[in-house]
Structure formats: C-alpha cells, structure tokens
1. Mind telling me which of the residues B:92, B:72 ends up being in contact (Cβ under 8 Å) with a residue 40 or more places away in the chain, assigned by TED's automatic domain parsing to the domain that holds residue B:174, surrounded by 15 or more Cβ atoms within 10 Å (Cβ to Cβ) and under 27 Å from residue B:211 (Cα atoms)?
2. Starting from residues that are in contact with a helix residue (DSSP H, G or I) (Cβ under 9 Å, 6 or more places away or on another chain) and closer than 15 Å to residue A:32 by Cβ, keep the ones in region A:51-92 and report whichever is surrounded by the fewest Cβ atoms within 10 Å (Cβ to Cβ).
3. For region B:246-265, enumerate the residues that are more than 9 Å from chain A (Cβ to nearest Cβ) and at pLDDT 80 or above.
4. Which one of the conditions (1) surrounded by 21 or more Cβ atoms within 10 Å (Cβ to Cβ); (2) farther than 21 Å from residue A:73 by Cβ does residue A:232 fail to meet, given that it meets all the rest?
5. Which of (1) modelled with pLDDT under 85; (2) exposed (fewer than 14 other Cβ atoms within 10 Å of the Cβ) is the odd one out, the single condition residue A:4 does not satisfy?
6. Which of the residues spanning region B:212-227 are assigned to a loop (DSSP other than H, G, I, E, B) and farther than 11 Å from residue B:73 by Cα?
7. Looking at A:107, A:131, which is the one that is at pLDDT 90 or above and within 21 Å of residue A:199 (Cα to Cα)?
8. Looking only at region B:146-171, which residues are in a helix (DSSP H, G or I), more than 33 Å from the chain's Cα centre (by Cα) and facing another protein chain (nearest Cβ under 7 Å)?
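The values are calculated or read from the model by the stated rules, or taken from the named source; none is laboratory data. If you're wondering where the values come from, they're calculated on a predicted model, not measured in any experiment. Here the Cβ is made from the backbone with ideal geometry for all residues, glycine too, and neighbour counts use every protein chain on show.
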C-alpha cells in the first residue's frame, strides 16, 4: 500500500510523554431518560488522549462504549462532566473529527467517489484539492477502478474501506471508529486491521476505536481502555509495548498473549463472557 | 436484454415480457366469449367480446372525446395528490407534534366513502371539472402520504448521526439524505395513487357531470347499452395502465440506483 502522502503528517516526537494532550475527558457521565426512568449508561470517567495516540476501548455489550464515542463526537450531550478537544469544550460535532460506524452507511444513490466526497460537499470545502485527496485515499484503500461504482456493487469490506476514506477526506486530526470491522469476516478483518494500523502509523492520526475483540484492540492500540459492565466506567488502562509498525505475527508473541490474558481476566472476573 | 436470444422468431415473441399478459388476456377473452355462448347469457346482462368490438367501431370517436376530460381530471387530481401529499409526508415524518395531531385525522378521513360526499362537491362547485379533480385528489393523496412518511422515516440512525457529524444543515440533510432515501417509497405511493385518481375522477363524473367516461358509463347503463359501457370500462383501464407505465418510466430515470431497478439499470462486469 502506498503511503497516503496527501494527508498531513503529524510529527512524531520522542515518546508519548513529549506530545501534547488532544482530548481531555473530565468526569464525563451519561444518563439516558427513558419511560422507565433514568438509565445510567456511563459512570463518571476520566481519560486523556495525546496527539497521535491510538486508543482502543473494549468492554462487554451495552457497557456504554458507543455512548462514550458519541459523546466525544458531539452527537449527544453529556449529563455531567466535559470533553475538551484542543482545549475547546465539545458542545457540537467538532470539525477536526471523522467518524466510521459499524455499518458503512454509504448513500446508495451516490458513486463511491461521490460518497467519499460527501463531507466536502456538506462542509463546503474546496472541491478540487479534496477530489485529489479522495482519489488518493481510494487508491490507498485498494479501491482504484471502483470510483464510479455504486455501493451495492462492492463487497462489505470494500464498502467499509470506502467509509474510512470518507472519514479521512477532510483530513481530520481525530478519527472515531465504532466497531468498524464488526460486520466483516475474520480474514477481511485482519487485513483491515493491518491497513488501519499502517495508515495511523504513517499519518499520526489520533484514533479512538471501539471494539468487542480483545486481539484487535491489542494489535491496534497504543493504550487499551477496558470498561466495566453497565453502567460503564474505566476498569483499567493498559499500555501496549509492541513496536510499530506492527505485523500480524506479533499476535503470537508472548507480550501479546500475556496482555490478552490480563484483559480477558477482567471479563471473566465479572462472570461476563462477551 | 436479459432474455436469451432465440433463433426462432416465434419463440422470441413468446418469450418477450409483454407477450405474457397479452397472452393471458387473449385466453380470458376466449373464456368470456365461450361462457356467453355456452350458458346463453342474454346480451342485456353480458355482451360478447364481438359486441364490444362493434361498440368501439360505432362509438370510438365519442369514447375518445369523452376520455379527454376524464384524463385531465385524473392528471389534475394526481398532480394535486403529489404536490400536497409529499410535503405533508415530510411534515408528518419530520415532527412528532404534527404527526400526533394530523396523522390520526388523515386516517379517519380516509374511512369516509368518497362516493357519499362527492355530491357535496357538486353542490359547492357546480358541474364543472372542479368536483372531479377534488374527488380524484381525495382518493389519490392518501397512498402518497402513507408511502412518503414510511420513506422519510426509514433513514437509519447511523445515517442521521453521519449527517450531524458533518454539521449538515436541516436543508442539506433533507436534500442529500432524506429525500433521495424516501424516493423509492414515494414512487410506490405515486403508482397506487395514479390508478386511484382514475377511480376518483370517474366517481366525480358519476354524481354530477355531463362529460367524461364516468358520464358515459352512467348513461349507457341507464339505456342498457352494455357493449358501450364495457368499451368505456376498457378505455378507463387503458388510461390507468398508461399513466402507471409513465410513472414507472419516470421512476427508472430518477431512482436507477434502487434495488428494484438494478436488473436493467446497470450492466456490471
């Protein structure tokens, strides 16, 4: 895969400690109001994410992982606490963020290229320069030749790759991903993990990815955030000491296995198999 | 395109898509003719197909002339149905308050038989085209609204979140996501609507009119001219079929991406 050189590259300093904080989550909590009363989804939690960091959030079903992501994306209001991105409180969807959902949510009446260009049209950004980047991104994602196809003519993995291109087309600093590979078969999923890992390594994007899969989280993340059962909160945060760029072979390394065992322990301890 | 090419032209005709309904029609006409002959049904109850053919020869010009006002009333009623039904569906799908107030009343109004209130429109608007158009509109609007509401409401939650994450304005969300998404459902509603608008126009002509195919139907059954009446019915059915076909054609042009249109809209490798 060619290096996506049309995306800005954020300089990698010496170690994460030297980098500045990009996302500050302070005492963030969310309670949904339903007909049956108030349902707490997220207990007050704190989390700092530095620039260029890859954060994976794992946790049992319904633990509020997706709620956390929607809060950071500014799609739902917090019940308590706050989120700061670049020191600015999130009250509406921030500009410097791209989102990938579990389903590709491509518009059926638009070609792949026009789907990728959708954020550019909606945000009224410069068309010519972004068109160049959109083509470059599609090429990077192995979708060259499919620019003028319609979403239904693509396989599930290709559709999700197009959705990732769409999230990257306006070159956001932050990419939020809500179980982006959850609907894909195991082999496609591994391939997508490898590609995503490489894009993140090469561009230094700050990524927060929600997943059910412990191996996926460890393979991708700089830090893995483990969440408790509902109402969710942070149970533990683990550094992943594997070097980058990573290869799939690393999944067999002792460090990987040990970390997977520790994280899995959280869910067994609660008697919860996800 | 999809059907295999036959060397034998006879086989090719039999395999053509239009040949099947026509073939069935020919069989039905044969059964009709045979039943009238075998059971010796008198002509004042059911005319033979031949009698109807003769009625077409004698009254063809009159039928063609009377079809014009009926078609105009149908088209006007249908246009009103679309022009009022689609925005109404947008409002109902867009606001829970409007839905709560309006939707039950709309369903309620549909249960009132149009034939019963059609004379009222004649009292209000006279014997002109207006009562027919209103009658066609009242029958045609409901399927458009129901289909439209369903179409606008079926946008997935993730799709809405995606639009909001891009800070799309309400207008942008509507134009780029909701409206195209609702198009296939709206067209399904329009197809039902156009056939009902024909019925509505005829109902309007039944109760108070001195022109149109509904008037011809009324007069011919009064005079026991059953062949003419059957001929008028056939012309009415043809109007419905042609209008339905036109909308189907427009749909193919506007929503070629939809699953129901894909087979002949794109040729994939």
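1. B:72
2. It comes out as A:77.
3. Hits for region B:246-265 are B:246, B:247, B:248, B:249, B:250, B:251, B:252, B:253, B:254.
4. Unmet for residue A:232, out of (1) surrounded by 21 or more Cβ atoms within 10 Å (Cβ to Cβ); (2) farther than 21 Å from residue A:73 by Cβ: (2).
5. It fails just one condition, (2).
6. B:223, B:224, B:225
7. The conditions single out A:131.
8. Those that are in a helix (DSSP H, G or I), more than 33 Å from the chain's Cα centre (by Cα) and facing another protein chain (nearest Cβ under 7 Å): B:158, B:161, B:162, B:164, B:165.
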